[in-house]
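Since the structure comes first, as C-alpha cells, the remarks are kept for the end.
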Amino acid sequence: MLRCMSVIADKRYKVDGYLAKGIIGAADCVIIAVNICRLSDLDPDGNGITRMPLSMEAVFPIGPLVVPISSDGKIDGPMQNAPRFAVRKASGEPIKTTAFLDPAFVNISAVIQAHQKDMHERDLVLATIHNPLALNPLPTGLLGAQKEFVALAHGDDYQLRDVRLEARLQELTESLTRRFLAREESHCTAGHGSRGLATSSASGTSARRTSITGVSSASTSSMCRSRLADFGRLRSRQAFCRRHWWRRTGRCHADARRRRPA
C-alpha cells in the first residue's frame, strides 16, 4: 500500500516537470500506470483490504470493510467500507490517502493498474481509476479496462461506481428480459390463436371457417407479464425441489452405506 502511494506521488512530480518543459501539453490527458505484480506472490484480482483495486486505496480515503454493531451486540446495518484518510509508516508518520481529492493532482487524469505476474495464454486485466478533479478528464471506456471506477459528486461527498460492472449488468438484464419476453409473447400469441380458431359446417357441406379473435396489445402485454411472473415462481420452485431431492437422496445413500455390512 505505502509503496503504491509512493510510486504515484513520484510520478506526479515527474509529470509536473514534463508539463513545465512542454513535453506534455496543457490539454493532454495524463495517466499513471502502476503494476503491482511484484508486491505479492498470491494476488488473484489486484484488490486490497477494501476488495477494490490497491491503487484506488492509495488515491481515495477508503478503508477496510466493517459491520456496524449496536450497543446490545447485534448487527446494526449493512457491511460497508470505513473511511481511512491516512496510513502510518513504521516510524509512525501518517501518509495521506487523499491524492485524488488534492488539487495538487489536477494534472493527473487517471491511474491504471495491472496485477498479473503470469500472462501466458491469459488476457490482460486492467483497472482504471478516474480523478474527479482532473483538468483534462479521461473518457470512460477508452482503455478497455475490466474495472473502471469514477467518483461522482454526491452532496459534499463522492460516490465511487464501477461503470464497467454496471454496464455489464445492464446488458445482461436487458438480454434476459428480451429473451423471456419474446418467449412469453410467442406463448401468448400461440394461445390466443388456438383459442380463436373455430370450425363449423353448415347445410351438409364440409365448409371450414377459421376466425381469429383480436386481442389488444395492452391486454397481451399484461398477460405476458403475468405469465413471466408465473414462470419465475415455477423456476424457483423447481430449483428448491431439485436441491431438496439431492439432499434427500444424498442422505439416503449415506445411510445405505453406513448400514451395509462390512
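The values are calculated or read from the model by the stated rules, or taken from the named source; none is laboratory data. As the structure is a prediction and not an experimental result, all values here were calculated from the model. All Cβ positions, glycine included, derive from the backbone under ideal geometry; neighbour counts span all protein chains shown.
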Filter the stretch 134-172 down to residues that are in a strand (DSSP E or B) and among the polar types (S, T, N, Q), then give me how many there are. 1
Does any residue of the stretch 103-122 turn out to be exposed (fewer than 14 other Cβ atoms within 10 Å of the Cβ), assigned by TED's automatic domain parsing to the domain that holds D28 and at positive phi? yes
Of the residues P103, P64, which is out of contact with any Gly (no Cβ under 6 Å at 6 or more places or on another chain), of a type outside the set (D, E, K, R) and at pLDDT 90 or above? P103
Within the stretch 86-110, of all residues that are in contact with a helix residue (DSSP H, G or I) (Cβ under 8 Å, 6 or more places away or on another chain) and assigned to a helix (DSSP H, G or I), the one nearest to L2 (Cα to Cα) is A99
S91 being surrounded by fewer than 16 Cβ atoms within 10 Å (Cβ to Cβ), under 21 Å from H130 (Cα atoms) and either over 28 Å from the mean Cα position of the chain (by Cα) or not assigned by TED's automatic domain parsing to the domain that holds A153 (or both): no
Starting from residues that are at pLDDT below 90 and hydrophobic (A, V, I, L, M, F, W, C), keep the ones in the stretch 123-159 and report whichever is surrounded by the most Cβ atoms within 10 Å (Cβ to Cβ). A145
Hey, could you check the stretch 13-71 for residues that are under 28 Å from Q146 (Cβ atoms) and among the charged types (D, E, K, R) and say which is surrounded by the most Cβ atoms within 10 Å (Cβ to Cβ)? E57
Matching option when the condition is without any contact (Cβ under 8 Å) to a residue 24 or more places away in the chain and either touching a helix residue (DSSP H, G or I) at 6+ places or on another chain (Cβ under 6 Å) or of a type in the set (D, E) (or both), among D10, D28: D10
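Name the residue that is surrounded by the most Cβ atoms within 10 Å (Cβ to Cβ), counting only residues in the stretch 1-12 that are closer than 13 Å to A104 by Cα and of a type in the set (A, V, I, L, M). Steps first, answer last, please.
Of the residues in the stretch 1-12, the ones closer than 13 Å to A104 by Cα are 8-12.
Add one more test, that the residue is of a type in the set (A, V, I, L, M), and what stays is 8-9.
Numbers: I8: 19, A9: 17.
Per the criteria, the residue is I8.
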